[in-house]
Amino acid sequence: VEIYSLHVDCKVTSRFAHTVITSKIVNRANESREATFEVELPKPAFITNFSMSIDGEVYPGIIKEKAAAQNEYDSAVSQGQSAGLVKITDRKLEQFHVSVSIAAASKVTFELIYEELLKRQLGKYELLIKVRPKQLVKHFQIDVHIFEPQGIHFLETDSTFMTNELTEALTTVKNETKAHILFKPTLDQQKKNSELDETLLNGDFVVRYDVKREATAGDIQIVNGYFVHYFAPQEMPMLPKNVIFVIDRSGSMTGRKIEQTRDALLKILQDLHREDHFSFITFNNKVVEWKSSLLPATEENVASAAAFVQTLTARGGTHISGALLTAVGVLEKAEGLPERSVSMIILLTDGQPTSGERNVEVIQENVQKAINGKYALFCLGFGFDVSYKFLEKMALSNGGIARRIYENADPALQLQGFYQEVATPILMQIEMQYPENSIEGLTKNNFKLFFEGSEIIVSGKISDELDLLPVEIKAQSHMSNLTLKEEANVKEKEQVFQYQRYIFGNFIERLWAYLSIQQLLEKAISAPEEDQKALEAQVLDLSLRYSFVTPLTSMVVTKPQQQEELANKPTEAG
C-alpha cells in the first residue's frame, strides 16, 4: 500500500487556524489490503470534517450528539469492538486513526479538517504540524498561509527532523501582513540515505510567530457581523507576586520525579524577581512549612531556599488538604507585602489524597471557602496516577489552571515552562466592556490576571444597526487603575478581509463558536451540577451547529459494507 500524495494545507487568519490534511493511497498489491490514515493533531483543535473516497465513492463523517451516536453504533456493532478513533498520544497531541480495506489496484483519498485558535504563550503563537508518513511519499507538501492584519512582527520555522538537504525544500515568503511557508521535499531529499527507502520525515514541523501591536486598547477585527478583540498590552511594569510552592514528597514521588522537581525548583528560584515574596510547603502525611512566613526574594533567601530544595526526599502518604489549607493560612497572615501584588499557590502532586481528608469534594469545598477568591491556585498533576479531574476543578474554581506534567517528556522543562507563563503578572481585575444592548453571545470578558506574553481574546456578534463599536477596558496595574478606550468603525473593519483570497469566509464566526465552546466546557468543570447540564446543552448546540467534534459530540465515520466507527474528542481528565 503506497501513499503517493500527502498534502497539509493550513490557513491561519488572525490566529484562527484551519488545517486540511489530504492523503492519497493506492493498493499496488494484487489482493485487497488495509489502507491506514493516521494524523496527530494539537489537543486544543476540534476536528470539523472527515471523508474518504474509494474509487470515486465518498464516505463522509457525520457529526452527531455523542449519546445518540453511541447508541446507534452499539446497535450496529456487538459490544467491545468500539475502539475509538481518537486517542491522546502525548503532551501536546492526540491521534486520529482510521483504516479501511481496499481492493487490488484501488485508490483511496482521506481528508481530515480541523480548526484551532492559536494561543499566545511567552510572546508567540505556535502552529504545530506532526509529520510522520512512515514511508517515502512521491508528492509530499506542507503549505502554511498566514494572514495577520495587525502585521507580522517575526516568523520562524523549526523542525525536529531538518537536515541540510531538507532545508533546501523549505521556502518562506513574507510581507507586512502575510506569509507563505512551503515545505516540498523530493523523494531523494526525504531519504535517510541513498541505499535505504527509509524516510527522514518523522517529528514536529513548527511555525512560530507574533504580531505587531500598535493600539493600546488592543485590536478589533470584524467579519460578517462578528467581532474579535485581541488585547495584549506591551511594556508594562510587573506586579510583584507572593507565591507559595506546595510540593508533594510522598513515597510515589521517589526517584526521577523528586529529582526532576528539585531541578525545576532550583531553576525557578533563580527566576524569582527581587520584588517577589515566596515560601515552600512540602507534604507527605505530614505538612512541613519551610518558613512560617513569606520571605522577600533576596539573594540570601533564594540561596537558603535552594539549599532546602536540595534536601527534598520522598516517602509517606499524601495530605493534600492539610498542605493547601496551610498555604492559604500563610497568605492570610502575611504582613508587609506590596499593596498591589498577586498572591498565588502552585501545587505539584502526583497522587490521590491518602492522608487527612480524603474526600476530594470536601477538599475542593474547603479550599474554595478558604481561598474565597483572594488568591489564584495552580495545580500541576505529575503523571497518570493523579485525579486530574479533581485538580482541574480545584484550579478552575480558584482563578487558576491545571496542567498535566508528562513523565516521559522532560518534566523539569515542563515545570519551568509553566512557571514562566505565570511568572510575570502585569494586570489584574481586567474588565472588557462593550455596549450591552448591541452585542449578543459575548464570550468571557472579565479576567482576574493578565500575564506578560499571553493574550486576552473576546468575541461576540454585533447587532445590525451598529456603525461604531466602542470598547472600554478597565484594569489594575502596578501603579494605578487603567481605563483604555477604543472605537472601531464597523464598515472599515469589514473591508480589511473583503479582498483576501485565502480566507475561509465566516472565520470570525467560527472563531467565536470555538472560543465559546472552549470557555463553556471550562466553566462546566467547576460549575455546580445543576448548572452543568445547561452549559453542556449550549456546548452541544454550538458543536452541532458549527460541526465540531467536542467532548459532547461524536463523528460517525462511515465505511464500505455499512460499517461505522466513532471518533470522539478525548479530554485530559479522561
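The values are calculated or read from the model by the stated rules, or taken from the named source; none is laboratory data. Bear in mind that the values here come from a model prediction, so they are computed numbers and not experimental data. Don't worry about glycine lacking a Cβ; one is built from the backbone with ideal geometry, like all the others, and counts go over all protein chains shown. Accessible surface is based on the protein model in full, side chains and every heavy atom, while ligands, DNA and RNA are left aside. Shrake-Rupley method; radii C 1.70, N 1.55, O 1.52, S 1.80 Å.
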**Item:** C-alpha center-to-center spacing [segment 457-530, segment 207-285] in angstrom
**Value:** 24
**Request:** Please calculate the 1.4 Å probe accessible area of residue 300, with all protein chains present, and give it to the nearest 10 Å².
**Result:** 150
**Prompt:** Can you give me the Cα centroid spacing of segment 307-346 and segment 382-419 in angstrom?
**Reply:** 17
**Request:** Compute the acute angle (0 to 90°) between the alpha-carbon long axis of helix 320-332 and the principal axis of greatest extent of the alpha-carbon atoms of the chain; round to the nearest 10°.
**Result:** 60
**Item:** 13 Å reach of a label modelled at residue 286, 7 Å along Cα-to-Cβ, counting backbone N of segment 317-344
**Value:** 317
**0 to 90° range, to nearest 10: angle between helix 411-422 axis and the chain longest Cα axis** = 70
**Asked** What shape does segment 2-212 take by its C-alpha gyration tensor, where a ≥ b ≥ c are the square roots of the eigenvalues and a/c under 1.5 counts as rounded, a/b above b/c as prolate, and the rest as oblate?
**Response** oblate
**In Å², nearest 10: area of residue 545 left accessible to a 1.4 Å probe** = 140
**Exposure of residue 424 as accessible area (Å², to 10), given a probe of 1.4 Å and all protein chains** = 30
**Complete:** Charge tally for neighbours of residue 260 with beta carbon under 12 Å away, counting Lys, Arg as +1 and Asp, Glu as -1, is -1
**Fill in**
Length gained, residue 206-residue 300, 0.36 nm per residue minus C-alpha separation, equals 29.8 nm
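For the chain, with only Lys/Arg (+1) and Asp/Glu (-1) charged at the beta-carbon, what is the dipole magnitude about the Cα centre, in debye rounded to 20?
The calculated dipole for the chain is roughly 740 debye.
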**Message:** Taking the alpha-carbon distance from residue 107 and a cut-off under 17 Å, which lysines remain once sequence neighbours fewer than 8 residues away in the same chain are dropped?
**Reply:** 24, 138, 559
**Asked** Between residue 270 and residue 352, 0.36 nm times their residue separation minus their Cα-Cα distance comes to what?
**Response** 26.5 nm
**Fill in**
For the pair residue 372 and residue 534, the simple spin-label estimate (label points 7 Å beyond Cα toward Cβ) gives in nm 2.7
**Message:** If R₀ is 25 angstrom, what is the calculated FRET efficiency for the pair residue 313 and residue 407, using the beta carbon separation as r and rounding to 0.05?
**Reply:** 0.85
**Given 92/267; 448/491; 212/523; 92/184, the pairs whose alpha carbons are separated by over 27 Å** = 448/491; 212/523
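Given the pairs 43/369; 241/286; 257/393; 257/374; 257/333, which span a C-alpha to C-alpha distance of over 29 angstrom in this model?
In this structure, 43/369; 257/374; 257/333 exceed 29 Å between Cα atoms.
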**Message:** Just to be sure I understand the model, the point goes 7 Å from the Cα along the line to the Cβ. What's the resulting residue 436 to residue 174 distance in nm?
**Reply:** 4.5
**Asked** What is the spin-label model distance, in nm, from residue 187 to residue 359 if the labels are put 7 Å beyond Cα along the C-beta direction?
**Response** 6.8
**Asked** Mind ordering 49-60, 249-260 by average Cβ neighbours within 10 Å, highest first?
**Response** 249-260, 49-60
**Asked** What is the packing order of peptides 554-562, 105-113, taking the mean over residues of other C-beta atoms within 10 Å and listing the highest first?
**Response** 105-113, 554-562
**Request:** Specify whether the C-alpha gyration tensor of segment 1-109 places it in the rounded, prolate or oblate class, a ≥ b ≥ c being the square roots of the eigenvalues: rounded for a/c under 1.5, otherwise prolate if a/b is larger than b/c and oblate if not.
**Result:** oblate
**Fill in**
Once phi for every residue in segment 158-165 is put through the Karplus expression 6.51 cos²θ - 1.76 cosθ + 1.60 (θ = phi - 60°), the whole-Hz ³J(HN,Hα) values, with Gly and Pro written as x, are 8, 8, 8, 10, 5, 10, 4, 5
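Determine the shape class of the chain: with a ≥ b ≥ c the square roots of the Cα gyration tensor eigenvalues, call it rounded for a/c under 1.5, and otherwise prolate if a/b is greater than b/c, oblate otherwise.
On the way: a/c = 1.64, a/b = 1.36, b/c = 1.20.
Cα axes put the chain in the prolate bin.
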**Alpha-carbon Rg with Dmax, taken over segment 241-423, Å** = 14.8, 42
**Item:** Stretchable slack from residue 1 to residue 519, in nm (0.36 nm times residue separation minus alpha-carbon distance)
**Value:** 182.2 nm
